[in-house]
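**Q** Here it is, the structure in full.
Derivation of every value follows stated rules applied to the coordinates shown; laboratory data play no part. No experiment lies behind these values; they were computed from the predicted model shown. No Cβ is skipped: glycine too gets one built from the backbone with ideal geometry, and neighbour counts run over all protein chains shown.
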Amino acid sequence: MVFFESPRRLAATLAELAGAFGGQRRATVCRELTKTHEEIRGGTLAKLAAWAAAGVRGEIHARRGGRDRTAGRGHRAGRPGRRGR
């Protein structure tokens, strides 16, 4: 999931995502891409929400990481023909 978010709403959005998907879910926040003060910050949703609470300026792009691939593997074990879908 990719979000284009207002700097004013970023901390609240990251906190909501942490509540919905878990605070340990990985994410990336990019600020001022292709500009002099470009910043790319990665971490957990909880840590990024705490960082953003101090205030962020500029154009913001946020990407929420997917589910850990090792989580929930047991439910697909032994199901042939599922690869490549």
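**Q** In nanometres, what is the gap between the two model label sites at Ala12 and Arg63, each 7 Å from Cα along Cα-to-Cβ?
**A** For the pair Ala12/Arg63, the computed spacing is 2.7 nm.
**Q** I need the fraction of alpha carbon pairs in the range 2-67 separated by more than 18 Å, rounded to a whole percent.
**A** It works out to 24 percent of all Cα pairs.
**Q** Let me ask something else. Can you pull out the GluC sites (Glu not before Pro) in the range 13-61 whose DSSP state is coil and whose Cβ has at most 13 other Cβ atoms within 10 Å?
**A** Working: sites: Glu16, Glu32, Glu38, Glu39, Glu59; in loops: Glu32, Glu38, Glu59.
Counting only loop positions with at most 13 other Cβ atoms within 10 Å, the GluC sites (Glu not before Pro) in the range 13-61 are Glu38.
**Q** Please arrange Lys35, Lys47 by how many other C-beta atoms lie within 10 Å of their C-beta, fewest to most. Can you show the working numbers first?
**A** Working: Lys35 10, Lys47 17.
Ordered from fewest to most neighbouring Cβ atoms within 10 Å, Lys35, Lys47 come out as Lys35, Lys47.
**Q** Can you tell me how much longer the chain between Thr28 and Ile40 gets when fully stretched, taken as 0.36 nm per residue apart minus their C-alpha distance, in nm with one decimal? It would help to have the intermediate numbers written out before the result.
**A** Details: separation 12, 0.36 × 12 = 4.32 nm, distance 0.70 nm.
Gain on stretching Thr28 to Ile40: 3.6 nm.
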